[in-house]
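Down below is the structure, laid out as C-alpha cells.
The values are calculated or read from the model by the stated rules, or taken from the named source; none is laboratory data. Keep in mind that what you see is a predicted model, and the values were worked out from it rather than measured. Every residue, glycine among them, receives a Cβ derived from its backbone with ideal geometry; neighbour counts consider all protein chains shown. Heads up: the accessible areas ignore ligands, DNA and RNA and are worked out on the full protein's heavy atoms, side chains in. Shrake-Rupley method; radii C 1.70, N 1.55, O 1.52, S 1.80 Å.
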Amino acid sequence: FGSSRWCVARLDCPGSPSFRCPLRLRRWWTHRSFGKMTLMKSMRGAKKVLSGDLQVSLEDLEGMVLSMGVIFALMLPVAMNLQYIVFGSGPQGKNFLMLMCTEKDFRSYVVEVMEDDDWGNIGQYEREFLEWNIPMKGSDTMNMKSIILDDSLWPEPGGGPNSIYTCGEVEPVASTVDVLWAHFPYYLMNAWALINKDSALWTDYINALASFCMTMLIAGEIGSLALYLSLSLSPCREDESGEAVRRWSTVGYPCLGALFSLLIAAIVVMLFAQDAYVESNDPFFLRASRFGGYSKIALLAVFVPIVLMLFAGSLFSLMRSCKTRRIIVQRSLSAEKERAAAAAADGANEAAAASGPS
C-alpha cells in the first residue's frame, strides 16, 4: 500500500504499479486511514490514562484495598458456617424429597422398607406396619402407597435440583413425602444413595454453592492482603512526585476491579446458597408456588431493584464526575497555555528592552 491517494499494490488496483486508483477507492482508503488514526489515538489515550496521567491518591488506594479486605473477612465466617450446617436434618429431608422425585427405584424401595415390620415406624417400642391411609378433611383419607406407585404424579426420572419444585407443588406428593420422612429410617436412605451414586442429592447442590462461595471469599481475602503488602512495600510514600503511585496504579486498579467483581460474584452465590438452605428447613416452601415465598419475593422484588438502582446511580455519578474532570483539565491546560504565552511575551519584552538604546 502507498499513500492515501495512490495504490501501488496489484491486488487492489490491477495493472501497473503506477495505475491511478478510482475516486471511490481513494475515498475508501482515505477513510480507512482516518479510522486507523482515530483508533490509534483512542488507544494512545487509554494508555495515557492507565500510565498514570490521572491524579492518584495514596490514601484512596489504601482505603479501597483495606475496605475490600475487611468486607471479604466479614463475609467469610457466614459462608463457612453455611457449609458446616449443610448436612443437617432439614437438607436431609430435601434429599429424601429429591430421591422420591427423581428416582423411581427409590420409591419402590421406600414401599418395601415401610411394609416390612422390622422397619415400619422405626423408633417405636412396638414394631408395627405403617398405616398407609392418613386422615384428611372430614372422613376423607389419602392412601400414600397408591400415590407413591402412581408415576403420573411424579416428574421424569433423572432430574436435577429443580425437580423438587416440580413435584413439591403437587399437594398429595408433598403431603406423602412429609409423612414418610417422619417414619423412614434416614440411614437407609443414605445407604441407598451411597450404592446408587448417580442419584442427585439436594445437599450436593447446597454444598457446591457454599463451597464456591467460601473459596471465592478466601481467594479475595488473600488477594486483598497481597495487594496491600505490595502497596505498603512500594516506594509510594517516599516518592513525593507521585510517579510511584501512578506506576503502581496501572496494575493495582485492574486488580482492585477483579477483587470487586469476585466479591459481587461471591455475594450472589451466597444468596443462592442461603435461599436453598432456608427452603431446606421450611416444609411449606411451595405452598405459594416456587416464587411466591417470602425469600424469593425479598430476593427478586427488593434486593435486585435496589442493587440495580444503586449501580445505575453510581455509574451516573462516575460519568458526571469524569465529565467535570475533563472540563477542569481543559481549563488547566488553557491556563498553562496562557501563562506560557504571557511568559513568552514578558521574555520578548525584556529582550527588546535590553537590546534597545540605553
Since residue 130 meets every condition but one in (1) surrounded by fewer than 19 Cβ atoms within 10 Å (Cβ to Cβ); (2) more than 44 Å from the chain's Cα centre (by Cα); (3) at pLDDT 50 or above, which condition does it not meet? (1)
From the residues in region 264-285 that are surrounded by fewer than 19 Cβ atoms within 10 Å (Cβ to Cβ) and within 21 Å of the chain's Cα centre (by Cα), which one is farthest from residue 93 (Cα to Cα)? 264
Inspect all residues belonging to region 39-53 and state whether any of them is acidic (Asp, Glu), modelled with pLDDT of 50 or more, out of contact with any Pro (no Cβ under 9 Å at 6 or more places or on another chain) and part of a helix (DSSP H, G or I). no
Going by what's in this entry, would residue 159 be described as surrounded by 20 or more Cβ atoms within 10 Å (Cβ to Cβ), out of contact with any strand residue (DSSP E or B) (no Cβ under 6 Å at 6 or more places or on another chain) and not basic (Lys, Arg)? no
Looking at region 70-87, is at least one residue at pLDDT 90 or above, within 30 Å of residue 231 (Cβ to Cβ), buried (at least 17 other Cβ atoms within 10 Å of the Cβ) and touching a Ser or Thr at 6+ places or on another chain (Cβ under 8 Å)? yes
When you scan region 134-145, how many residues do you find that are without any contact (Cβ under 8 Å) to a residue 12 or more places away in the chain and either assigned to a loop (DSSP other than H, G, I, E, B) or open to solvent by less than 70 Å² (accessible area, probe 1.4 Å) (or both)? 6
Being open to solvent by 70 Å² or more (accessible area, probe 1.4 Å) and polar (S, T, N, Q) is the filter; apply it to region 203-244 and report the residue that is modelled with the highest pLDDT. 215
